[in-house]
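Quick notes on the structure that follows.
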Amino acid sequence: MANYEVNLIPMTTPVFTQANDADLSKLSIQIVLPFDKETESLPNPNQETARLRKVEGGIVAIMKFSGKPTEDIVREKEKTLRANIIKDGLKPQPGCLLARYNDPGRTWTFIMVCCKTCLSVSVDF
């Protein structure tokens with residue numbers, strides 16, 4: 001079932017961006033879908049490069065900041081967040097997600113880093 005009806009989703013939740021390599025040549029973008037929808041009930045995306053998949057929850061650390069998230073700012077925020085995670089006795093996992101809101105009234109951006117606790121509880125996304 002394709003999205004022939006062009007069903008739209010309100011952009012009131014963050015859009016996540018993740019770089020899959022150091023050169024930023026491969027990016028993934030994740031959009032949070034409404035909680036009351038099951039993956040199976042959603043129409044297929046109109047683009048072949050987009051796909052639906054369910055991502056389970058986990059433990060993450062976040063840092064909120066505002067303004068335009070340039071590459072340098074994002075790397076600096078990630079570095080600061082990782083240092084705070086380690087300072088708190090946790091072990092951050094590789095990678096991070098950048099969460100942005102498209103709400104014109106807000107300019108908040110979040111950096112999210114997956115982490116493991118000192119008890120070695122694995123967190124996978």
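What follows draws every value from the coordinates through simple rules; no lab data is involved. Bear in mind that the values here come from a model prediction, so they are computed numbers and not experimental data. A quick note on method: Cβ atoms are made from the backbone with ideal geometry, for glycine too, and the neighbour counts reach across all protein chains shown.
The length gained by stretching the chain between ILE59 and LEU33 to full extension, at 0.36 nm per residue less their Cα-Cα distance, is 7.4 nm. Bridging of LYS68 to lysines at a Cα separation below 19 Å is possible for LYS77, LYS79, once same-chain residues fewer than 8 apart are set aside. Ignoring lysines fewer than eight residues from LYS54 along the same chain, the ones with Cα atoms less than 24 angstrom from its Cα are LYS26, LYS37, LYS116.
Please work out the FRET efficiency for the pair ARG51 and GLU71, using the Cβ-Cβ distance as r and a Förster radius of 41 Å; give the result to the nearest 0.05. Don't skip to the end; give the middle numbers.
Working: r = 26 Å, r/R0 = 0.64.
So the FRET efficiency works out to roughly 0.95.
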